[in-house]
1. Which whole-Hz ³J(HN,Hα) couplings does the range 85-97 yield from phi under the Karplus relation 6.51 cos²θ - 1.76 cosθ + 1.60, θ = phi - 60°, glycine and proline marked x?
2. Amide H neighbours of L78 under 5 Å, counting only residues 5+ apart in sequence or on other chains, H built in-plane at 1.01 Å?
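Coordinate-derived values only; no laboratory data. All values derive from a computational prediction rather than experimental measurement.
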Amino acid sequence: MGIRLPSILLNAKQVLKMQAMSARNQSDVPKGHIAVYVGEIQRKRFVIPISYLKHPSFVDLLNRSEEEFGFCHPMGGLTIPCREDTFINLTARMHTS
């Protein structure tokens with residue numbers, strides 16, 4: 001019979017683990033940018049300007065991400081559940097506007 005930890009401690013441990021993973025990945029993210037993981041099955045990492053987060057089309061993607069993952073993202077960072085080519089087209093349009 002093992003010791004059972006309260007769920008709050010388990011959640012804190014998960015958060016710390018995700019923060020550690022995120023800190024390792026942040027070393028190559030320039031100031032004013034954020035790393036996101038994109039894909040429906042296999043995820044690819046993209047580094048985008050933070051300003052994209054306010055764009056209405058990107059907000060739609062964030063809402064989809066919240067519906068699918070809540071606040072627990074499997075990659076340790078923001079995960080966007082859409083096709084890679086769709087994401088590239090969207091960010092290209094945001095870049096030119």
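1. So the Karplus estimates, Gly and Pro as x, are 5, 5, 5, 5, 4, 4, 5, 5, 5, 5, 5, 7, 8 Hz.
2. HN-HN under 5 Å from L78: Y37.
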